[in-house]
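A short worksheet on the structure shown next.
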């Protein structure tokens with residue numbers, strides 16, 4: 001039995017994304033503890049201890065040094081066998097502190113590499129250089145995206161034998177076809193309302209659709225959480241008001257029953273500028289909803305153009321509007337074709353149990369070294 005610490009940025013992330021892995025590791029007989037910011041965490045039945053700690057919200061060296069120091073105290077006290085770090089700032093703190101405290105196994109799980117096309121050349125160069133340094137003190141990398149795995153090898157100097165692609169997965173029994181659609185043509189989108197998700201593009205693109213087809217509606221399933229570094233909801237609401245779309249756009253706020261809202265949608269849009277292997281896209285497509293998404297890493301590994309959805313260039317609002325108009329005009333038979341392909345693709349390739357099993361397999365193998 002190993003003593004494993006899972007580190008992520010927020011209690012929201014721990015609850016929504018890491019719980020299945022944590023419970024699977026406990027079933028394997030490991031002692032698992034977690035570290036995140038926030039105390040609104042799941043009840044693991046006493047099997048898992050969750051520690052709370054603040055992580056840097058900016059690039060301030062002093063913030064990072066303070067967090068690293070605080071984490072080193074915990075590592076020194078608990079003497080973990082393995083530390084598995086997630087998210088950007090959290091993984092920087094986690095990997096440096098684990099290396100300094102000589103933790104035997106140091107794992108980094110990449111939920112989207114942080115050097116990407118939407119950065120300026122200087123930002124991208126700095127992100128790559130930072131990852132090259134961190135790779136030298138990381139024992140193993142698990143990457144959701146195959147393209148990210150290749151980039152980590154090519155640009156960040158990660159050795160091929162020290163990185164594995166794990167994909168992503170969702171509960172396909174929960175997110176299953178459940179048609180509750182009505183006479184309104186409903187465009188759905190899910191996620192935290194932050195700038196990098198491209199929701200402003202979606203609102204602007206939807207405005208063009210709604211001008212042509214007044215029976216269309218945009219359903220934004222999401223909101224902001226207290227830990228968001230750059231909350232964007234108020235900017236979106238202001239733009240909705242400016243475009244006089246208050247009666248055509250619904251913003252739900254953060255909800256737990258995402259599938260109930262998705263069931264009412266005719267098409268799903270993920271207009272993001274950077275992703276790993278987006279769960280929002282997997283969940284919608286698992287419910288048999290055709291998808292429109294940006295041509296970025298992760299997204300283009302899920303959506304097959306012309307078979308289960310459509311892909312467009314990030315920031316291209318006109319292209320997005322044209323695709324929305326195209327899906328609006330599709331026949332019943334065309335919609336059925338895309339819906340069945342979407343569900344089949346996710347059910348066969350992105351089921352949560354296989355995603356979790358892959359992570360447990362690699363972690364167990366590393367703990368035997």
Might you let me know whether the stretch 44-65 holds any residue that is in the same structural domain as residue 134 (by TED's automatic domain parsing), in contact with a helix residue (DSSP H, G or I) (Cβ under 7 Å, 6 or more places away or on another chain), part of a helix (DSSP H, G or I) and buried (at least 18 other Cβ atoms within 10 Å of the Cβ)?
no
What helices (runs of 4 or more DSSP H) lie completely within the stretch 269-369 and have 3 or more residues being free of Cβ contacts under 8 Å to residues at least 24 places away in the same chain and closer than 30 Å to residue 3 by Cβ?
none
Has the stretch 76-87 got any residue that is part of a helix (DSSP H, G or I), modelled with pLDDT under 95 and more than 23 Å from the chain's Cα centre (by Cα)?
no
Listed by first then second residue, the pairs whose first member lies in the stretch 36-62 and is farther than 17 Å from residue 92 by Cα, whose partner is at pLDDT 90 or above and exposed (fewer than 13 other Cβ atoms within 10 Å of the Cβ), with beta carbons under 6 Å and at least 6 positions apart or on separate chains, are 39/52
Going through 209, 245, 218 one at a time, which residue ends up being over 20 Å from the mean Cα position of the chain (by Cα), assigned to a strand (DSSP E or B) and either buried (at least 24 other Cβ atoms within 10 Å of the Cβ) or assigned by TED's automatic domain parsing to the domain that holds residue 333 (or both)?
218
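This table checks each residue for (1) without any contact (Cβ under 8 Å) to a residue 40 or more places away in the chain; (2) in a helix (DSSP H, G or I); (3) in contact with a helix residue (DSSP H, G or I) (Cβ under 8 Å, 6 or more places away or on another chain).
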residue: 138; (1), (2), (3): no, no, yes
residue: 142; (1), (2), (3): no, no, yes
residue: 161; (1), (2), (3): yes, yes, no
residue: 167; (1), (2), (3): no, no, yes
residue: 183; (1), (2), (3): yes, no, no
Test: residue in the stretch 225-238 that is in contact with a helix residue (DSSP H, G or I) (Cβ under 8 Å, 6 or more places away or on another chain), surrounded by 18 or more Cβ atoms within 10 Å (Cβ to Cβ) and in a strand (DSSP E or B)
no
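Table: residues versus (1) modelled with pLDDT of 95 or more; (2) under 26 Å from residue 192 (Cβ atoms).
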position	(1), (2)
302	yes, yes
306	no, no
314	yes, yes
337	yes, no
342	yes, yes
350	yes, yes
362	yes, no
366	yes, no
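The values are calculated or read from the model by the stated rules, or taken from the named source; none is laboratory data. The shown structure was predicted, so the numbers you read here are calculated from the model rather than taken from an experiment. Neighbour counts are summed over all protein chains in view; Cβ atoms, including those assigned to glycine, are modelled from backbone coordinates with ideal geometry.
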